[in-house]
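Report on the following structure.
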Amino acid sequence: MKVLRIFILVCYVFPTVAMAQEEKAQQDAIRVLVRALEGKVRLRWAPTSPSAWLKLNRYGYQIERFTVKRNGVLLPPSQERKVVEHIVPQPLAQWKSIVDQNDYAAVLAQSLYGETFDVEGMGQGGLAQIINKSKEIEQRFSFALMAADMNFKAATMGGLGYEDTSIEKNVEYLYRIKSLVPGDLLAIEMGLVAIQTTPIEPLPSPIELFAVPDDKSVLLTWEYAMFKTIFTSYYVERSENGTDFTRLGNTPLVNLNDTPEAPSKRMFYVDTLSKNNKTYYYRVKGISPFGEESPPSKVVAAKGVKKLSAVPHITTHEFDLTGGVIIAWEFAKEAEQEITGFELHWAIQEKGPYKTVQTAIASDVRKTVYTHPEPSNYFKITALGKNNQKTTSFPAFVQTIDSIPPAMPVGLTGTIDTLGIVQLEWEANTDSDILGYRVFRGHIEQEQVSQLTVSPIETTVFTDTVQIKSLNSKVFYQIVAVDKRFNMSEYSEKLALKKPDVVPPSSPVFKGYKVSQEGVFLEWISSSSDDVDSHALYRQKTNAPEKGWQLLFQTDTITRYTDQNVAANTKYRYAIFARDQSGLQSLPSTPISVTSKGVEQKNIKGFSALADLDHNQVALSWRKMPNDVSEIWMYKSKKEGEPFLWRQLPPDVTTLEDTDVSPGNWYVYTIKVTSGSGSHPEVKSIEVYY
C-alpha cells in the first residue's frame, strides 16, 4: 500500500469540504449531494466537523430511501422504504488494489488508517503535542473529504459515498443519511436530499474560456464560481489542428486560491510553449464529485508572441519659440520592426491620470511637440507592439515659469441653517490659469483659520457642516485662489456667519436663602450665557402641586428677592429660569424647598405639679388647651435621669396623677403639645420634690 507524506500549502475548497466549512459554527450535521444517472443514483455526503467524522467512521451511517412520487403521483408517507443499515469505511486490507491505481484513494486511506499524518512547523512537548494532534485530525478530515471529492470509488470505500442501483424511472426519492453515533456521545443532525430519476440532467460545459497570449506561454482562464458545487476539478486539453485534443497532464486541476474568506471567481492555467507564432487550440472539461466528465467547453485559439523588450526613454524636453514643449526620446533602432508606432501621454500630476494627447507617431520618429502645456506637465512615451504589447517610459516633468499669484477671491457670502449646514458661494476668478480654490474656517474671530479642502476645488460653491450646539455663536470663513503652478492668492475678506440659536442658556444657580418672620429671602447667581435677556423666579406649594408653578418675580439684572406673601409653617419649592434673546428658556435651576416660619402661640398655661403625701402621688394640672391643639405628650424623669414618654393624652384632659413615686426624689415632668396649624411644638417642664 502506498504511504503518502502530505503537506498542506494552500487552503483549497471542494464541494463537500465547502459544505463542512460553512457549518463550523453550527451543530454537527451531515450534508449531502445527489446525482441521478442512467439506472442509478449516486450519493455523496460529509460530516461538518473532524470530531463527527471520527465518530462516524467508527459507528457508521444508515441510509433510508423513501419513494415520494411515482409517475407524478404523490405516495403516502413511508409506504415504500428501503434501508441500508450500516455504512463504514472499508477495512485496510480492501484498499490495496485501488491504492496502487489511484493517488486519491491512497490519500483517503492514509487519512483513515495512516499511523502518522504530519503537520509541519510545530514544536514538541506537552502543549505542542496536543496542538499537533488536534491539527493532525483536522488535516486528516480535510484531505479525506478532498480525496472523496476527487474519486467516487474512493468515496464509497471511505464511507462517504453510495451508489443506489435499485431505482425506477419516473420516480422521486427522498434519501436520509443518519448517524449511528449514540446521541449521548455526540448529537449529529441527519442529512436530507431529494432526487427525480428522470429526466437525467446532463452536466454543463465550462464557460467563458479565454486565452491570453504571452512570450512562449498562453494564460487560460474560465468561469469557476458558477460551477463551484458541480465540478471538483478540471482537465485542460490542447490541439495543434483544432480537432485532435490531448490532455495537459493526467492530474486534474483544482483551484488552490479559493477560500471562504476570499472566494475565487475564475480558474487560471498557464501553458508553456516551446516556440512562438504557432497556433494552439484549447478546451476545458469539468469533473464532478460523482466521477463524471462534462462536455468540453468552446474551443479557443492562441499562439505565443514575442515579448516587446525595448522601452522608450525621454531624453530632453525644451520650450520652442511659440511656447510649445519639444519632447525627444530614445528607442532601440533594431526594435522598430516590432512596433507600430508611439503615443504621447500627459498628466498634471505624476501619479496621473494620464491622457493620450498624440497618437500614430511613426516608429522611426524620436521627437514631437506638445503645443498647449500647462504650468505643470508630466509626459510619457509609449511604444505600441504589433502583438498588442506596450512599453512605456518613465514620466518626465516639464514646468513653465509662473510666479504671479491669482487675484484675491471676492463676493464671499454664506448661510447656516438650523441643522448646521453651511452654504458658501463666491465670484469666480477671471485669471486664465486658475486651478481651483481652497476654503478655510475658524471659530474665533482673531484665530488663524484652518484649511478645510486638501486639493483645490474647481467650483465656486462649497458646503460645510458645523456644530450648532457649541459655545461659539459665530463661524468665520475665508477663500484662497490657487493657479496651476500652485501659486496662492491673498485670503479673501473674512466672512462671519451667525449660527442659528438653538442652544438654550445655561441655568441660574441658587446661592442661598434665609427664612424669617418677614418671609423667605432668596439669592441666586445669574446664567453664564452672554445672550441672556431675563430671569424668572417661580414658586410652588409642595402640598398643592396640582396648582402648578406661580411666577413671583422677573428681572434682567437683580439677583435677590424676598417672598413676603407666604403662609405660616408652609413648605414651598422655588426654581429660577433664564431666557435668552431668541426666546429660548434654560432648564430650571436645582429647586430648593423651604418651610416658612409659623406664628408663635402660647398653648400651655397654668402647668403645675403638687406632691400629695396623703395619697402617695404627684398631682399635675394645666388649663384647658385651645381648640387648635391636637395632642398632648407627657414626659417623666428623675432629675438626673433621661426623660421618657410617660403618657399620650387627648387635648381636652387637664389633670393627671402619678402614683409611681418614691419619697426623697426630685421628679421632672415635661408637657409637649402640637397644633393643627403646623407650628412648632410647644414644650414646658416643671420639677417637684416628693
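Descriptive notes on the structure:
- Looking only at the stretch 419-437, and only at residues there that are outside any strand (DSSP E or B), in contact (Cβ under 8 Å) with a residue 40 or more places away in the chain and under 13 Å from Ile479 (Cα atoms), the one that is nearest to the chain's Cα centre (by Cα): Trp426
- Selection count where residues are loosely packed, with under 11 Cβ neighbours inside 10 Å, over 19 Å from Leu419 (Cα atoms) and not charged (D, E, K, R), scope the stretch 452-493: 3
- Elements of type strands (runs of 3 or more DSSP E) contained in the stretch 358-408, each with 1 or more residues being farther than 27 Å from Lys307 by Cβ and of a type outside the set (S, T, N, Q): 367-370, 396-399
- Counting only strands (runs of 3 or more DSSP E) that fall entirely inside the stretch 516-565 and contain at least 2 residues that are of a type in the set (D, E, K, R) and assigned by TED's automatic domain parsing to the domain that holds Pro588, the qualifying elements are 532-541, 560-563.
- In the stretch 668-690, the qualifying residues are those that are surrounded by 16 or more Cβ atoms within 10 Å (Cβ to Cβ) and of a type in the set (Val, Ile, Thr), and the one that is modelled with the lowest pLDDT is Thr674.
- Filter pass, Glu631 being under 28 Å from Ala567 (Cβ atoms), in contact (Cβ under 8 Å) with a residue 12 or more places away in the chain and not assigned by TED's automatic domain parsing to the domain that holds Ala568: yes
- Taking the stretch 589-690 and the strands (runs of 3 or more DSSP E) fully enclosed by it, the elements with 1 or more residues that are over 60 Å from the mean Cα position of the chain (by Cα) and not aliphatic (A, V, I, L, M) are at 608-612, 617-621, 629-638, 644-649, 655-658, 666-675, 682-689.
- Search result, residues across the stretch 33-81 that are assigned to a strand (DSSP E or B), β-branched (Val, Ile, Thr) and surrounded by 15 or more Cβ atoms within 10 Å (Cβ to Cβ): Val34, Val41, Ile63, Thr67, Val68
- Test: residue in the stretch 538-553 that is under 24 Å from Gly420 (Cβ atoms), of a type outside the set (Lys, Arg) and out of contact with any His (no Cβ under 9 Å at 6 or more places or on another chain): no
The values are calculated or read from the model by the stated rules, or taken from the named source; none is laboratory data. Keep in mind it's a predicted model, so treat the numbers as computed, not measured. Virtual Cβ from ideal backbone geometry, glycine too; neighbours counted across all protein chains shown.
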